[in-house]
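K.L.:
Quick one: structure below, then a few questions.
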């Protein structure tokens, strides 16, 4: 993977659709074609379509190049998908308005590509657990002080978990938004059992260290991590509402967890191995994605 190329050089390298087809085939079937149905190794190639179609020589099942991947069903060219993947693999990320302008697609198409890529990141993240020494801290995204006993509309409680190596360096993180309980209960610790069950290796669960966001024993490293996430969301996306927040938190965690050795290679691999999500299902995921927003950067 051309990890060190600039975006301009990357785009020039993958300028032709034929180059992208060859690269995607090699990423999907690094050891040669395998029929998804019977695992036979040989296929007839049907080239009368926009993208190649492969017909198994054994069971005659047909599969397209992008079937079963994040691109399945997309009419957008592989070249533009490759550019979108490159831009999402950068530490600063890219929002839908920027992507629409850069790869020259409609805002709706750009928004859909962005969220499909985040969905692929989320699928990968769901298979990777925190291990070793695990620390967990509560946090609040977009904290706002309000009169009375109601949460501010933008504020969102979070739990942040991290694995540390033997030198105390954070090597993996997980961030999950929490249900908004009545604000008068916010002085009580957030329940963490469900977070540990979902994100922590059972071997490390008993030794997980849980701290609060306030008090003498608070974990400043995880608190700063929460601030960094909020700053990233504000600077790149103009802030994110509750409906969309978890998808963006997964995006941030993915980029942190896959920063080495190659975030671009990791993201391409996630896109090849992750199934897509359809537009109707995407806009119906109220907790994670919600409806397509109008005229905002997300």
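The values are calculated or read from the model by the stated rules, or taken from the named source; none is laboratory data. Since the model is a prediction, treat every value here as computed from it, not as a measurement. We place every Cβ from the backbone using ideal geometry, glycine too, and count neighbours over all the protein chains shown.
K.L.:
Being part of a loop (DSSP other than H, G, I, E, B) and at pLDDT 90 or above is the filter here, so list the residues in the range 173-199 that pass it.
P.N.:
Across the range 173-199, the qualifying residues are 178, 192.
K.L.:
Restricting attention to the range 58-65, does a residue exist that is at pLDDT below 95 and exposed (fewer than 14 other Cβ atoms within 10 Å of the Cβ)?
P.N.:
No, there is no match, as no residue in the range 58-65 is at pLDDT below 95 and exposed (fewer than 14 other Cβ atoms within 10 Å of the Cβ).
K.L.:
Name the one entry in 256, 268 that is buried (at least 19 other Cβ atoms within 10 Å of the Cβ), touching a strand residue (DSSP E or B) at 6+ places or on another chain (Cβ under 9 Å), at pLDDT 95 or above and farther than 20 Å from residue 178 by Cα.
P.N.:
One residue alone meets the criteria, 256.
Okay, residues lined up against (1) closer than 23 Å to residue 115 by Cβ; (2) in contact (Cβ under 8 Å) with a residue 12 or more places away in the chain; (3) over 24 Å from the mean Cα position of the chain (by Cα):
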| site | (1), (2), (3) |
| --- | --- |
| 199 | yes, yes, no |
| 208 | no, yes, yes |
| 215 | no, no, yes |
| 252 | yes, yes, no |
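Yes/no per residue for (1) outside any loop (DSSP other than H, G, I, E, B); (2) under 19 Å from residue 221 (Cβ atoms); (3) in contact (Cβ under 8 Å) with a residue 24 or more places away in the chain:
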| position | (1), (2), (3) |
| --- | --- |
| 92 | no, no, yes |
| 117 | yes, no, yes |
| 124 | yes, no, yes |
| 127 | no, no, no |
| 140 | yes, yes, yes |
| 143 | no, yes, no |
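K.L.:
How many residues, within the range 200-247, are assigned to a strand (DSSP E or B), touching a helix residue (DSSP H, G or I) at 6+ places or on another chain (Cβ under 9 Å) and surrounded by fewer than 17 Cβ atoms within 10 Å (Cβ to Cβ)?
P.N.:
0
K.L.:
So is residue 135 surrounded by 15 or more Cβ atoms within 10 Å (Cβ to Cβ), in contact (Cβ under 8 Å) with a residue 40 or more places away in the chain, assigned to a strand (DSSP E or B) and at negative phi or not?
P.N.:
Answer is yes for this residue.
K.L.:
From the residues in the range 145-172 that are part of a loop (DSSP other than H, G, I, E, B) and modelled with pLDDT of 80 or more, which one is surrounded by the most Cβ atoms within 10 Å (Cβ to Cβ)?
P.N.:
155
K.L.:
Determine whether the range 77-87 contains at least one residue that is buried (at least 16 other Cβ atoms within 10 Å of the Cβ), free of Cβ contacts under 8 Å to residues at least 24 places away in the same chain and either in contact with a strand residue (DSSP E or B) (Cβ under 6 Å, 6 or more places away or on another chain) or closer than 18 Å to residue 276 by Cβ (or both).
P.N.:
no
K.L.:
Ok, one more. Could you tell me how many of the residues in the range 88-102 are under 19 Å from residue 263 (Cβ atoms) and surrounded by 15 or more Cβ atoms within 10 Å (Cβ to Cβ)?
P.N.:
8
K.L.:
Moving on to the next point. Restricting attention to the range 95-103, does a residue exist that is outside any helix (DSSP H, G or I) and modelled with pLDDT of 95 or more?
P.N.:
Taking every residue of the range 95-103 in turn, at least one turns out to be outside any helix (DSSP H, G or I) and modelled with pLDDT of 95 or more.
K.L.:
Output the number of the condition that residue 46 fails; it satisfies all remaining conditions of (1) within 30 Å of residue 244 (Cβ to Cβ); (2) in contact with a strand residue (DSSP E or B) (Cβ under 8 Å, 6 or more places away or on another chain).
P.N.:
(1)
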